[in-house]
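A short write-up of the structure that comes next.
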Amino acid sequence: MKNLKLVVLTGVMTLALTSSAFAKKAKYEEMKVANGASITGNVLFKGEVPPPIMEDLKKGKNAAFCATHPDTKEGSIRPRQKVEVKDGKLKNAVVLIEKINKGKAWAAETINYDFRQCDIFPKMTVIRKTPKSIKKNLVTVTNQDDDILHNPHGYSIKGAARKTLFNKPLPSKGSVADVTKSLKRFKPKKDSHFFLQCDQHNYMEADARIVWNPYYSISKEDGTFTIQDIPAGKYKVTAWHPYAGEVTQEITVADGGKANANFELALK
């Protein structure tokens, strides 16, 4: 009976070790990419561009100060354009390679969100799960406004559901919230859209795509994007915008090759 228990226990332990090994293999592996390929193209927008949201700053907190934002119009109205299109080309779409297991190293860049003049900068970026080796300063939020309380609230969004990642008040200019540890909670099958908002001024918004490898690009004002240093192979490449949907296509690249791909998005 003892032997039977030992066999069962050993089997469980073996299964656990196998699952652990598989999980480790599934993680992204950095390597030197010699003669890497590239994918370039445009992100297009189909359909009628939605009108801007006309925000009446008089109805919110700190109305006089928030009206100093350079986009503010007569009557303290500030237009907010969430889908930016010029000549049919979509700005701020994230183009990314899905499920690539190894390739170039992650860039050593950090992200700082500035809360400035009752707005958030940058409006669109990419964000990743915090690696075990990084404890702080991967993602921070800074209040740049004198004598104004901001309250950055970060979410992971899935459909209509919102999961709070952090909620930290910044009482005055120079206050900084380091939210690096909060981003350890991301999971590949559950998290893809990061949303940041100020609880004091809820029209202050920013978005990010959660990525699992360093192969991504954000489309410029003219809709162009470039992804570089790609190992030869066949990949699923997705163009995503939080308010204009997403589309995926399969692209094959050869060593040192240059592939061209255009994506067309429309309103959700």
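The values are calculated or read from the model by the stated rules, or taken from the named source; none is laboratory data. It should be emphasised that the depicted structure is a prediction, and the values quoted were computed from it without experimental measurement. Using ideal geometry, Cβ is built from the backbone for each residue, glycine included, and neighbour counts are taken over all protein chains shown.
Here are some notes:
- Residue 78, sole failed condition from (1) in a loop (DSSP other than H, G, I, E, B); (2) among the charged types (D, E, K, R); (3) in contact with a Leu (Cβ under 8 Å, 6 or more places away or on another chain): (1)
- Of all the criteria given as (1) at pLDDT 95 or above; (2) out of contact with any Leu (no Cβ under 8 Å at 6 or more places or on another chain), the one not satisfied by residue 45 is (2).
- Whenever a residue of the stretch 129-144 is closer than 25 Å to residue 69 by Cα, its partners that are among the hydrophobic types (A, V, I, L, M, F, W, C) and in a strand (DSSP E or B), lying with C-beta atoms within less than 6 angstrom and at least six residues away or across chains, give the pairs 139/111; 140/176; 141/177; 142/176; 143/115; 143/170.
- Screening the candidates 154, 174 for the property of being under 25 Å from residue 84 (Cα atoms) and either surrounded by 19 or more Cβ atoms within 10 Å (Cβ to Cβ) or modelled with pLDDT of 95 or more (or both) yields one hit, 154.
Results for (1) at positive phi; (2) crowded, with 18+ Cβ neighbours inside 10 Å, shown as yes or no for each residue.
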| site | (1), (2) |
| --- | --- |
| 79 | no, no |
| 82 | no, no |
| 89 | no, yes |
| 95 | no, yes |
| 99 | yes, no |
| 102 | no, no |
| 106 | no, no |
| 115 | no, yes |
| 120 | no, yes |
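- Filtering the stretch 211-227 to residues that are within 29 Å of residue 27 (Cα to Cα) and buried (at least 18 other Cβ atoms within 10 Å of the Cβ) leaves 211, 212, 213, 214, 215, 216, 217, 218, 219, 225, 227.
- Consider the stretch 49-70 and keep the residues that are in a loop (DSSP other than H, G, I, E, B) and without any contact (Cβ under 8 Å) to a residue 12 or more places away in the chain. The one that is surrounded by the most Cβ atoms within 10 Å (Cβ to Cβ) is 67.
- Taken over the stretch 122-165, the residue count meeting the criterion of being at negative phi and assigned to a loop (DSSP other than H, G, I, E, B) is 18.
- Enumeration of residues in the stretch 25-48 that are surrounded by 15 or more Cβ atoms within 10 Å (Cβ to Cβ) and of a type outside the set (Val, Ile, Thr): 28, 36, 37, 38, 41, 42, 44, 45
- Flag if residue 167 is farther than 14 Å from residue 187 by Cα and either in contact with a Gly (Cβ under 8 Å, 6 or more places away or on another chain) or without any contact (Cβ under 8 Å) to a residue 12 or more places away in the chain (or both): yes
- Every residue from the stretch 84-99 that is assigned to a loop (DSSP other than H, G, I, E, B) and more than 23 Å from residue 70 (Cα to Cα): 87, 88, 93, 99
- Strands (runs of 3 or more DSSP E) within the stretch 176-247 that include 2 or more residues over 12 Å from the mean Cα position of the chain (by Cα) and farther than 30 Å from residue 88 by Cα: 176-178
- Close pairs from the stretch 251-262: first closer than 17 Å to residue 100 by Cβ, partner of a type in the set (Gly, Ala, Ser) and not in a strand (DSSP E or B), Cβ under 7 Å, at least 6 apart: 251/261; 253/232; 254/232; 255/232
- Residue 93 fulfils the conditions (1) within 27 Å of residue 262 (Cβ to Cβ); (2) at pLDDT below 95 except for a single criterion, (2).
- Restricting the stretch 100-121 to residues that are assigned to a strand (DSSP E or B) and of a type in the set (Phe, Trp, Tyr), the residue that is farthest from residue 177 (Cα to Cα): 121
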